[in-house]
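In what follows, a single structure is set out as structure tokens and then discussed.
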Amino acid sequence: MGGIRIRAVAHAQLCAIVVACLVLMEPISHAETLAELGARLGRETQEAYAKSPYTAISSNYFNRFLRDPDARPGENEMELDGAWTIVSNATDREFGNVMAAHLAEFLRDRMGVDVKQGDAGEKQVVLSDRGAAGQEPASFAIKVSANRVAVTGVDAEGMRDGVVKLVSRIGMRQAPFLELGTQNYSPRLRVRLGAVPYGGATRDLIFMGYNAVFAGGGELYGISTSDAIPELASRRQPGALEGSAKAVADAKKNKLKAYAFISLRQKFPETDAIFQRDPTLRGTRTWKADGEFVLCTEHSAMKQFLSETMKQLFQAAPDLDGVVMIIGGEGFYHCFMRPFGVEKGHTNCPRCEALGAETVVANLCNLLAEAARSVNPNAEVIAWPYSAEHVWSADKAQAGFIAKLKPGAGIFTEMEKDEYVEKPDGVRKHLWDYSIDLIGPGERAKQQIEACRKAGISIYMKSEPELGFEAPRLSHIPCMDRWWDRAEALASCGADGAWVFPAFRPNYGTPPAEMNQLVWWNPAPGKDAALEALAARIAGAKAGPRLRDAWRHVSDAIAFSPEIPPYYTGPYYLGPAHPMCVDPDAKLPDVFYGQYLFMAEMSDSEGLPARPTFFTSPRGNVPVFLRMYREMEAKLKAAVDEIEAAVPDVPDRCKLVFDSDASAIRWFYHTARAHANFYESCQLRDALRALAESETKTPEQLEAAEKQFARWRDVLLDEKANAETALPVMESDVRLDWYYGGDHTFPHGADMIREKLRMLEREIDQVLPAIRTKALAN
């Protein structure tokens, strides 16, 4: 099953980095609370990333663009120059001026065109939020003639998105040239929710093509001012409702839809004053024999608390479009979430056990939806059944639960989670968490779409913007062919919207994250032409084809990933920092132990201990997995070769974004190489250690052992070279450093690699010869 995760609201959005839970590990101190650790490393993370050159990409969307000095307008193109004026003809004049200012900044700073803003001038770019008659909401048209560019939205949202598309067209052209003629655009999805890139602002999210954002919310016990359960007053966070209201208001200034992410994670000890006063409020005991309790959502006082809190949230932020909560295996606790000592689908709360899981969870969602709609008739309460299949749901698609939902409730689900990908040699890869191996939607998601259509409720699809658990330490997985296919699948799967945000780390605003906006509107460009143009924009015209080929190789490599290993553990995550464990019984240095903060979902204390980040032996069908990791290594080596061949031809203006992509490709290659080396080394180690313990050895065994030892030494030497080459990659890209892991934190990646290299020296020079002497003794 999928394990335990922490998610938190940060910067008015769901931000998987869980900045509030980052910790400093020099040294590991159990005297600090989880919150103190989080605050401390949160500051260090921001300071470290501020020094990275790649902060320029995520903190300002426009920085990825720069004019090509060699570009010339084509026969059917016009050029924007300093003679042009941007005119706002919007009903909401203030918002029109904001979008005009964004466009002017882009043209000035990235295209070298100092256009004016105002009403004067014979050459005008005119922004309007009316006049695109006969089109669906948020549609727009861009009409280009020699002296006039008209960006006309059917409404304010359409005008905003028209400016986004105009910037995209100019940016991809790498010059302020526009093709003459008129193009009408219509949105393929009603809701496109994204995450503000790390260090960036709402504007950056808008120009990545999104029209919705997480705003406000948080833990309900902190938000609420309800007196339905008096003892909960001590858990209130003063100003929480006001903070939510401000976040929603800020989103609405940009005509964005706003959704609050809410949770009910806090639990209660058996001796809590609430239970002293009213023992019937006690819900299920969670997680373990001495685990804490939740408050029963079927108790009348808890129902009153939940209803009043939801009304308070929407009264404070009346323009809030909805709330979203995880009701599967974490986040928003009810009596069927992680109950201790019972089978799946049961609980140790007698009141809820009598009703059944689907009824209790649906009642909770419907109660919240009814309360929300009493304030805002169009509000939605979106339930995310993440891992419900493993915790309480009677069926994989939660169809029984969905059938019980009433108007105002809705579903949020993943494109690929809990599907299986069949591979050669009997490998059946379980996608127990986010993956880019399966494009989707999977069978579960298809069934959920059908169930929601039958129930008459909304359904939204989740995708990571940059990563899958095939390589979760990268800033992004540059498998652009797969990301394009995922974006197309999101737009065409029949869902009401796509929510593309990172659930376990920041959004770094890399090419996969920005590429979605090329697909969000009809007409969408063809895949090959669009990716070729994007590669040329990132690497320059001459090096672009090399980068495009590198993306193909990375996309091909994903097909050879045989499994998703446990969270953040082993060579798939540590890559060239992972110890080779030539002696599997040896105690490893402390640098290879880290804190898995997400385990605080159980209790805060569970997130603090230092735990192994490594494996001492390979997983799965070792010979088959080894072949697959070698295939991944070969594909990624081909990608790196393309990158290295491209480097001399990358123009200076393109180096920042190109280097960002190249860093991810290089680290992915080093990781796959380390993974394959670890598997082969362990396979040889185990065979030769067994031979060393054997009392009798045939000549044939001894002859084979000589070759195995030679190969083993070669593998270890190759891994030494791999780690040495990978070290400067880690040192030059803070995004790769798991010290800043978000929902986990380990010692610095560079420190781990250096210790591994010291260990390899000893393993090659001392441990390996000792095993060889014993194994070959006859």
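The values are calculated or read from the model by the stated rules, or taken from the named source; none is laboratory data. A quick note: this is a predicted structure, and the numbers were derived from the prediction, not measured. As a convention, Cβ positions derive from the backbone with ideal geometry for all residues, glycine included, and neighbour counts pool all protein chains shown. SASA here: full protein model, heavy atoms, side chains in, ligands and nucleic acids out. Shrake-Rupley method; radii C 1.70, N 1.55, O 1.52, S 1.80 Å.
Counting only lysines at least 8 places from Lys288 when in the same chain, those with an alpha carbon closer than 17 Å to its own are Lys267, Lys344. Taking the accessible area of region 455-548, probe 1.4 Å, and keeping the other protein chains in place, the carbon and sulfur fraction comes to 49%.
A value for semi-axes √(5λ) of the Cα gyration tensor in Å was derived from the coordinates, and within the list (1) 64, 34, 26; (2) 45, 38, 29; (3) 44, 38, 22 it appears as (3).
The amide H of Ala409, built 1.01 Å from its N in the peptide plane, has Val381 as neighbours under 5 Å, considering only residues 5 or more places off or on other chains. Phi angles of region 100-115 translate, via the Karplus equation with coefficients 6.51, -1.76, 1.60 and θ = phi - 60°, into HN-Hα couplings of 5, 5, 4, 5, 5, 4, 4, 5, 6, 7, 10, 10, x, 10, 8, 6 Hz per residue; Gly and Pro are given as x.
Please give me, ordered by residue number, the GluC sites (Glu not before Pro) of region 38-110 that lie in loop per DSSP and have at most 14 other Cβ atoms within 10 Å. Could you put the intermediate results ahead of the total?
Working: sites: Glu44, Glu47, Glu75, Glu77, Glu79, Glu94, Glu105; in loops: Glu75.
Answer in residue order: Glu75.
Would you please name the GluC sites (Glu not before Pro) within region 690-739 that are DSSP coil residues with at most 12 other C-beta atoms within 10 Å of their C-beta? Qualifying residues, ordered by number: Glu695. Length gained on full extension, Glu443 to Arg351: 29.7 nm, using 0.36 nm per residue less the C-alpha separation. For region 49-55, 3J(HN,Hα) computed residue by residue from phi via the Karplus equation (6.51, -1.76, 1.60; θ = phi - 60°) reads 5, 4, 8, 7, x, 7, 5 Hz, glycine and proline entered as x. Phi angles of region 316-323 translate, via the Karplus equation with coefficients 6.51, -1.76, 1.60 and θ = phi - 60°, into HN-Hα couplings of 5, 10, x, 8, 4, 7, x, 10 Hz per residue; Gly and Pro are given as x.
Taking label positions 7 Å along the Cα-Cβ direction at both Lys454 and Asp272, the computed distance is 3.7 nm, reported to one decimal.
Count the DSSP beta bridges whose two residues both fall in the chain, then state the antiparallel fraction as a percent rounded to the nearest 5. Mind dumping the intermediate values first?
Working: 29 of 74 bridges.
In the chain, DSSP labels about 40 percent of beta bridges as antiparallel.
When you count the other C-beta atoms within 10 angstrom of each residue and take the mean per peptide, 501-507, 752-758 line up highest first as 501-507, 752-758. With the cut-off at under 20 Å, measuring from each backbone N in region 176-220 to a point 7 Å along the Cα-to-Cβ line of Gln117 picks out 201-208. Checking every one of the trypsin sites (Lys or Arg not before Pro) in region 265-312 against DSSP loop status and a limit of 14 other Cβ atoms within 10 Å picks out Lys288.
So for region 533-616, averaging the separation of alpha carbon pairs under 8 Å that are six or more residues apart and normalising by length, what relative contact order in percent results? Could you put the intermediate results ahead of the total?
Working: 66 pairs, mean separation 19.5, N = 84.
Answer for region 533-616 is 23 percent.
Taking only the alpha carbons of region 63-187, we obtain Rg and Dmax values of 13.5, 41 Å in that order.
With an 8 Å Cα cut-off and a minimum separation of 6 or more residues, compute the relative contact order for region 703-778 in percent. Worked out over region 703-778, it gives 34 percent. Placing unit charges on the Cβ atoms only, positive for Lys and Arg and negative for Asp and Glu, gives the chain a dipole magnitude near 1000 debye about its Cα centre. Which of the pairs Lys51/Lys165; Lys257/Lys311; Lys406/Lys462; Lys246/Lys404; Lys423/Lys446 have their Cα atoms more than 26 Å apart in this structure? Where the Cα-Cα span goes over 26 Å, the pairs concerned are Lys51/Lys165; Lys246/Lys404. Relative contact order of the chain: 13 percent, from C-alpha pairs under 8 Å at least 6 residues apart in sequence. Placing unit charges on each Cβ (+1 for Lys and Arg, -1 for Asp and Glu) gives the chain a dipole about its Cα centre, and among Val500, Met310, Ser139 the Cα reaching farthest toward its positive end belongs to Ser139. Helix content alone sets the calculated 222 nm mean residue ellipticity of the chain: runs of n ≥ 4 DSSP H residues at -39500 (n - 2.57) each, divided across all residues, give -13000 deg cm²/dmol. Length, then width, then depth: along the principal axes, the Cα atoms of region 554-776 run 65, 50, 31 Å.
Annotation: amide H of Val113 within the under-5 Å range of Arg108, sequence separation 5 or more or interchain, hydrogens built in the peptide plane. Distant-in-sequence amide contacts of Arg130, defined by a placed amide H-H separation under 5 Å and a gap of 5 or more residues or a different chain, comprise Gly153. Averaged across orientations, what area in nm² does the convex hull of the alpha carbons in region 340-390 project? The orientation-averaged projected area of the Cα hull of region 340-390 comes to 4.2 nm².
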